[in-house]
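For reference, the structure is listed below as structure tokens.
Read-outs: derived from the displayed coordinates by stated rules, not from any lab. Just so you know, these numbers come straight off a predicted model, no measurement behind them. Quick reminder, even Gly has a Cβ in these numbers, built from the backbone with ideal geometry, and neighbours come from all protein chains shown.
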Amino acid sequence: MAEKRLMSELQALQKEKWVYIEVNEADIKKWDVGLMVVNPDSVFSGAYLKAEMTFPSDYPYRPPTFRFTKPIVYHPNVYPDGRLCISILHAPGEDEMSGEQASERWSPLQGAESVLRSVLLLLDDPEINSPANVDASVTYRDKRVEYNTRARQVAEQSRAGIPVGVDFPTSEELAAPPAKSGLDDDDFMNETDEESIGGSDSDSDIDMDDFDEDFDEEDDD
């Protein structure tokens, strides 16, 4: 089951421009991931962050593991060896010790894309109350300028790892297409069908008036 599910997820992710994935030819459960930080407001903007994702044999009932490789990201929720501490990678169910709700943790309804998007969000919104890297957490809290400088250094170093042939997208390329204005064809057809079935209010009123007049004339007779 894991292999079939992963193949489906991989095919979907290969259409995305913000992530590049290489799969171990001998084991589809091992991915080498390149996460591209496209957000211009991020302190990691422009980074190409390499990571390893490993999926268990009973995936998706248990979560994958995620570990940044060189350069290791300097971040409150990244251990010095690159392992990531994030709720979505924690086993299903509530944890009374950490206070995490079941909705914050892994569930079979989650997937690889959910994890990767959560990682990108965590980069600029760290959880400093339960840090994996205490030094980074303190720096983030008390010396933000220094922290931002180190983050930008990591981003700069990481760009050397962009594979040949991989194009780093711009934020404009990833922007959602503008919403269509007015009715589209389906809306127009639905609206037309409703009018055809229900008729107009004015026609209905006229018919009822004519009926009432005919009824009154019969009573007079």
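Region 111-128 and region 1-24 have their alpha-carbon centroids 18 Å apart. Would you please name the trypsin sites (Lys or Arg not before Pro) within region 12-119 that are DSSP coil residues with at most 15 other C-beta atoms within 10 Å of their C-beta? Answer by residue number: K15, K17. Placing unit charges on each Cβ (+1 for Lys and Arg, -1 for Asp and Glu) gives region 1-146 a dipole about its Cα centre, and among N129, F55, V23 the Cα reaching farthest toward its positive end belongs to V23. Using every pair of distinct Cα positions in region 1-161, the Kirkwood expression returns a hydrodynamic radius of 16.3 angstrom. Seen from N24, the other residues with C-beta closer than 9 Å to its C-beta sum to a net charge of -2, counting Lys and Arg as +1 and Asp and Glu as -1. Placing +1 on the Cβ of every Lys and Arg and -1 on the Cβ of every Asp and Glu, with nothing else charged, gives region 10-168 a dipole about its Cα centre of roughly 420 debye.
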